[in-house]
Each structure stands twice: as C-alpha cells, then as structure tokens.
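Worksheet: the structure to be examined is printed underneath.
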Amino acid sequence: MPNMAQAITETQDNFWLFGYGSLIWKAPPHFDQRVPGYIEGYVRRFWQASEDHRGTSHHPGRVVTLIERSHYDSIVPPSTPPPSYRVWGAAYHIPQEHVKEVQEYLDIREINGYSIQHTPFQPAAHGEKPVEKCMVYIGLPSNPQFLGPQDLDRLAARIWRCKGPSGENRDYLFMLAEALKALGEGAEDEHVEELAKRARKAGLDRGEDGATLGDQLPIEVAIEQFSSATSDHKGTEEVEKQ
C-alpha cells in the first residue's frame, strides 16, 4: 500500500506530481507517496470544457483548471471577492523507474487542453520543507477548452446534466468536494462547495435525487480503488481529467 502520510519521506529522486482535481482521489499509477498540501498564486475554477471524459463534443462537461493570480485578477469584475490564491490538493512521488510510464499515462489523461507546468508545493504538515519543483497539468487560458468566468447557476445546471465516457459530470464535482474535505481543515474550496450546493439544487428542481456517487463512496476507499485500477489500465477509457 502506498504511503499516505502527511509528511514527505526522503528519496534519491524528485519526480513529484500535484493533483488538484480528480488526481486527488483517482491517483496516478506507481506512486509511493501521497502528501496533502497546497500551491500558491493560483485559483481553481470549473472553467475548462470536457469533451472526452465528463461530457461529449455535443454537450461538453466542465472540469477544473488553475488560473494564475495575475490573469484571474484581469478577467473577473473588480467587485468579485478576492480568493485566497492557495490551491489545496495532493502531491504524488513517482519512483524514477516508473516516471516515463506515468508521464505517458498522464499525457493521455490530460490530452484535452492541459499542458505541463511546474510550481513549488508546500506539504500540509507543519515544518515540512516545500518541494521546489512539482509538475502540474494546467489548462492555460490559451487552450481551446478554456472558457473563463461563467454564471454559477448555469454552470451548476450544466454539470448536473452532462456525462461522458468517464461518467456523470456531477460525480466529478461531488467527489472533488469530498476529496478536498478529506485533505484536512482549511482545504475546502469555496468555488467547489458553492457549485456542489447549486448543482444539487438544480437536480432537485428537475425532480431528481441530489445524492450521487460523491455522497456514497468514502474518499479513502476511492483513492485505494482508483490507485489499484490505474496500475493495470492505461487506455483512454480508463483515465480521467485533472
């Protein structure tokens, strides 16, 4: 069983991957450490269209990406309450012998608009030194799937309705909300929480039950199940966006 500790175990190699969306619970293959923590200078938003996992080309779903502080500040109304510019998630250490395979897996998983960036990562455990260079996949504003700010009620209603090869878009939202709570105090994301609340309301307004997978599967079980599954499957039908 991989190490799910709060602190980093010293290693001879330094390939670290930061997950801020489905990677928090649907872990990459071959990781030997999973460490909760955060990166700074970004906000997480459901501003990326998903045509290959949580939607289709005719009815794209919505998934998260990260927006740098300077760009975020330039495109939202001045009256918008400022976010914390701290994004919580989980960092995974990949042993050197598996780096090539994991990168190939991630390149398939993140093919629809995401590109590789690097950023420092701060573990949640008090006194832990940061990882100076942590790889992260981000849907930059220049990618064709980037949508920018959207009306929250319309966004929530779309998330409730859409589904794709990886399942219901709303399950992605609800699992992300639960996964963030499981990371520990302070890790919740107001944008994610508000969307989850509005999506459930959208479902109830349609006469549908607001409880789905995200309410039923304990996040620790989800992490273990998805970690085991991705060790054996690398096809596009098995992978999931950030």
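The values are calculated or read from the model by the stated rules, or taken from the named source; none is laboratory data. What you are looking at is a predicted structure, and each value in this text was computed from that prediction instead of being measured. A quick note on method: Cβ atoms are made from the backbone with ideal geometry, for glycine too, and the neighbour counts reach across all protein chains shown. Side chains are part of the model used for accessible areas, which takes the heavy atoms of the whole protein and leaves out ligands, DNA and RNA. Shrake-Rupley method; radii C 1.70, N 1.55, O 1.52, S 1.80 Å.
Where the second residue is among the β-branched types (Val, Ile, Thr) and open to solvent by 30 Å² or more (accessible area, probe 1.4 Å) and the first is farther than 11 Å from GLY148 by Cα and in contact (Cβ under 8 Å) with a residue 60 or more places away in the chain and lies in the range 43-66, which pairs have Cβ atoms under 8 Å and are six or more apart or on separate chains?
Here the result reads ASP52/ILE111; ASP52/THR236, each pair linking the range 43-66 to a residue that is among the β-branched types (Val, Ile, Thr) and open to solvent by 30 Å² or more (accessible area, probe 1.4 Å).
Determine if the range 90-109 includes at least one residue that is at pLDDT below 95, out of contact with any Leu (no Cβ under 8 Å at 6 or more places or on another chain) and closer than 30 Å to ASP151 by Cβ.
yes
Could you check the range 86-120 and list, in sequence order, the residues that are surrounded by 15 or more Cβ atoms within 10 Å (Cβ to Cβ) and assigned to a loop (DSSP other than H, G, I, E, B)?
Matches in the range 86-120: ILE94, PRO95, GLU110, ASN112, GLY113, TYR114.
Does PRO144 satisfy the condition of being assigned to a loop (DSSP other than H, G, I, E, B) and in contact (Cβ under 8 Å) with a residue 40 or more places away in the chain?
It is false that PRO144 is assigned to a loop (DSSP other than H, G, I, E, B) and in contact (Cβ under 8 Å) with a residue 40 or more places away in the chain.
How many residues does the range 121-141 hold that are assigned to a strand (DSSP E or B) and in contact (Cβ under 8 Å) with a residue 40 or more places away in the chain?
Residues meeting the conditions: 10.
Conditions (1) open to solvent by 30 Å² or more (accessible area, probe 1.4 Å); (2) basic (Lys, Arg); (3) at pLDDT 55 or above, marked per residue:
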| residue | (1), (2), (3) |
| --- | --- |
| PRO165 | yes, no, yes |
| ARG170 | yes, yes, yes |
| ALA179 | no, no, yes |
| ALA187 | no, no, yes |
| GLY207 | yes, no, yes |
| GLU237 | yes, no, no |
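Right, ARG158: in a helix (DSSP H, G or I), free of Cβ contacts under 8 Å to residues at least 24 places away in the same chain and surrounded by fewer than 23 Cβ atoms within 10 Å (Cβ to Cβ) or not?
Numbers: in a helix (DSSP H, G or I): yes; free of Cβ contacts under 8 Å to residues at least 24 places away in the same chain: no; surrounded by fewer than 23 Cβ atoms within 10 Å (Cβ to Cβ): yes.
It is false that ARG158 is in a helix (DSSP H, G or I), free of Cβ contacts under 8 Å to residues at least 24 places away in the same chain and surrounded by fewer than 23 Cβ atoms within 10 Å (Cβ to Cβ).
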